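Read-outs: derived from the displayed coordinates by stated rules, not from any lab. None of the values given here were measured: they were computed from a predicted structure. Here Cβ is always computed from backbone atoms with ideal geometry, including for glycine, and neighbour counts include all displayed protein chains.
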Amino acid sequence: MTDKTMTADEAVARLASGMTLGIGGWGSRRKPMSLVRAVLRSGIDDLTLVSYGGPDVGMLVAAGRVRKLVTAFVTLDSVPLEPHYRAARERGAFELMEVDEGMFMWGLHAAANRLPFLPVRAGIGSDVLRVNPGLRTVTSPYDDGETFVAMPALRLDAALVHVNRADRLGNGQYLGPDPYFDDLFCEAADAAYVSCERIVDTAELTKEAAPQSLLVKRLNVTGVVEAPGGAHFTSCAPDYGRDEAFQRLYATTSWAEFSGRFLTGDGQAYRSAVRNWQEGQG
């Protein structure tokens, strides 16, 4: 029973260039943005990024930190296509493996179960196999003889996820409507770093919500970071919704201008810059 609390910068200091990094959340929902900003503050690059993508992907590819991206989509939800991702993709800034959402999920399942691949129907009859010539198919050894896509395991060196509550041991709880596969990201990784809105005593986790909300198990967690507002500007229901006004600013501002204004300092500097911008809108 170990206290696993650390700062965002301490967590990121355990990462290294060239790693395969999984990022939890979904689109512009419950992304571990405080940890993503810590990655941006570091010198880490040449990453293989695995994500149901949102601004985490947009920021990291815009900053030139990504060598390869594995994803099913990259969206801001209320903005259908992440603009900084789109710009980086159009200039050929990284290698892309784009697969079906279900294939992505089974790739995480395979990694979590330490399997080399899992057979899936998703992808059959689509262009997924054409645009990913490295994918293979397998034939069922049983009487049906059906052909499946052999979705390779999405094995991660490290995972970053954000939840509503966690204890110091690494148990993480979500209180919103969707787990977003964050448990699979942690299980598929050699190390997992969980940021949370608030660290509470272990006993408090089951007082706030049902035991089924205990999404992340301490067995799979390397470090816990208390980061109030740590998903901003994405949503973290029910603690807060997406900051749509700030997201529009992000989506309509050049990367150089946005990063220079909001991402040059630490987490406190980011919050101060956002607060100053918000006060200026009033």
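Bridging of LYS217 to lysines at a Cα separation below 19 Å is possible for LYS4, LYS31, LYS207, once same-chain residues fewer than 8 apart are set aside. The calculated FRET efficiency for ASP3 paired with THR139, based on their beta-carbon distance and R0 = 51 Å, is about 0.50. The simple spin-label model puts a point 7 Å past each Cα toward its Cβ; for ARG198 and LEU175 those points are separated by 0.6 nm.
Note on the chain: with a GNM built from Cα contacts shorter than 10 Å, the maximum mean-square fluctuation among ASP239, ASP143, ASP127 falls on ASP143. Across THR252, THR234, THR48, mean-square fluctuation computed from a Gaussian network of the chain (C-alpha pairs under 10 Å connected) peaks at THR252. Each label point was placed 7 Å from the Cα along the Cα-to-Cβ direction; for ASP77 and THR147 their separation is 3.9 nm. Of ALA245, ALA13, ALA203, which has the largest mean-square fluctuation in a 10 Å C-alpha GNM of the chain? Answer for the Gaussian network model of the chain: ALA203. Rounded to the nearest 5, the antiparallel percentage of DSSP beta bridges internal to segment 119-258 is 45%. Put simply, the chain fits an ellipsoid with semi-axes of 30, 24, 17 Å; these come from the alpha carbon gyration tensor as the roots of five times its eigenvalues, largest first. Residues of segment 48-67 with an amide N closer than 17 Å to a point placed 7 Å from the Cα of GLU244 along the Cα-to-Cβ direction: none. When only the Cβ of Lys, Arg, Asp and Glu is charged (+1, +1, -1, -1), the dipole of the chain relative to its Cα centre reaches about 460 debye. Annotation: extensible slack from LYS207 through ASP266 equals 17.9 nm (criterion: 0.36 nm per residue apart, minus Cα-Cα distance).
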